[in-house]
1. Hey, any hits in the range 134-145 for a residue that's out of contact with any Phe, Trp or Tyr (no Cβ under 7 Å at 6 or more places or on another chain) and among the hydroxyl-bearing types (Ser, Thr, Tyr)?
2. Would you pick out the residues in the range 46-78 that are closer than 24 Å to Asn205 by Cβ, of a type in the set (D, E, K, R) and either in contact (Cβ under 8 Å) with a residue 40 or more places away in the chain or in a helix (DSSP H, G or I) (or both)?
3. Ser38 fails exactly one of the following numbered conditions: (1) of a type in the set (Gly, Ala, Ser); (2) over 17 Å from Leu128 (Cα atoms); (3) without any contact (Cβ under 8 Å) to a residue 40 or more places away in the chain. What is the number of that condition?
4. Here's a check for you: in the range 109-144, which residue that is among the small types (Gly, Ala, Ser), more than 17 Å from the chain's Cα centre (by Cα) and surrounded by 15 or more Cβ atoms within 10 Å (Cβ to Cβ) is farthest from Lys40 (Cα to Cα)?
5. State whether one or more residues within the range 97-106 are within 16 Å of ligand 2 (Cβ to nearest atom) and out of contact with any Cys (no Cβ under 9 Å at 6 or more places or on another chain).
6. Give Gly81, Gly117, Gly94 a once-over and let me know the one that is out of contact with any strand residue (DSSP E or B) (no Cβ under 9 Å at 6 or more places or on another chain) and either more than 16 Å from ligand 2 (Cβ to nearest atom) or outside any helix (DSSP H, G or I) (or both).
7. Is it the case, given these coordinates, that Ile194 is assigned to a helix (DSSP H, G or I), touching a residue at least 60 places away in the same chain (Cβ under 8 Å), exposed (fewer than 15 other Cβ atoms within 10 Å of the Cβ) and away from ligand 2 (no atom under 14 Å from the Cβ)?
8. So if I check each of Lys23, Lys40, which one is under 18 Å from the mean Cα position of the chain (by Cα), of a type in the set (D, E, K, R) and within 16 Å of ligand 1 (Cβ to nearest atom)?
Amino acid sequence: MCNGTREETSKNKSILEDYIATKMKMEPTTQLKAEHDSVKLALRILGVMCNRLESGQETKSKYIDELLQFLRVFADRFHHGKEEDILFRIMQEGTARDEGPIGEVMVCVAIMEHFVGRDYIKDIGEALAKYKSGDHRASARIIESSRNYIELLTQHIDKEDNILYPMADKHLSTEKQRKLAQEFETVNREKFGIDMQEEFYELLNNLKEVYLV
Ligand SMILES: [Fe+2]
Ligand SMILES: [Fe+2]
């Protein structure tokens, strides 16, 4: 029994390691799209958490905390960080302008949406603290801000996948794509590291088992 569990854990770990290694070899925008898949999964889990809270079913605060941690660190600092500090910066140096004023405006709007998302996450965190201290009326604020966040991020991801990333791929020179890939590699390996990515994929898989199966 113990052996079986250990085997299963190490099998899951090697699947995760392979996934991360494969993701890091992808083209920069393909890499970001793969990260969107994980963020979209987190949004689905958040949606189910809201439904359960609304219908009075038990939703452990611990799990909401874990999901918020994923959204703060993986979705925002890691993924949005790569967009703002690397991809969008390089696009603002020229690529976005190559599309005319619409390109530049779209990059600015995307950055602004990251800020709005941070406010929603802060709000959910504050409401959750109240909920944990026994104020169950705070669940209405958790639900409202979470649903606003889901709506914002869903359209944001759709816009990036279908307009902004293709715009970057169309205009970035091979040299700039190479620079982009190198800077992504530094964030993936040094700034955040493989262990952090592994921990968050594992956390998300565990929450998926609880909420989506
Ligand atoms: Fe974004
Ligand atoms: Fe994104």
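1. Looking through the range 134-145, none of the residues is out of contact with any Phe, Trp or Tyr (no Cβ under 7 Å at 6 or more places or on another chain) and among the hydroxyl-bearing types (Ser, Thr, Tyr).
2. Arg52, Lys62, Asp65, Glu66, Arg72, Asp76, Arg77 - these are the residues of the range 46-78 that are closer than 24 Å to Asn205 by Cβ, of a type in the set (D, E, K, R) and either in contact (Cβ under 8 Å) with a residue 40 or more places away in the chain or in a helix (DSSP H, G or I) (or both).
3. Answer for Ser38: the failing condition is (3).
4. Ala138
5. yes
6. Gly94
7. Judged against the criteria, Ile194 is a match.
8. Lys40
Read-outs throughout are calculated quantities, based only on the coordinates presented, and are distinct from any laboratory measurement. In this text, all values refer to a predicted model and were calculated from it rather than measured experimentally. Neighbour counts run over all protein chains shown; Cβ positions are idealised from the backbone, glycine included.
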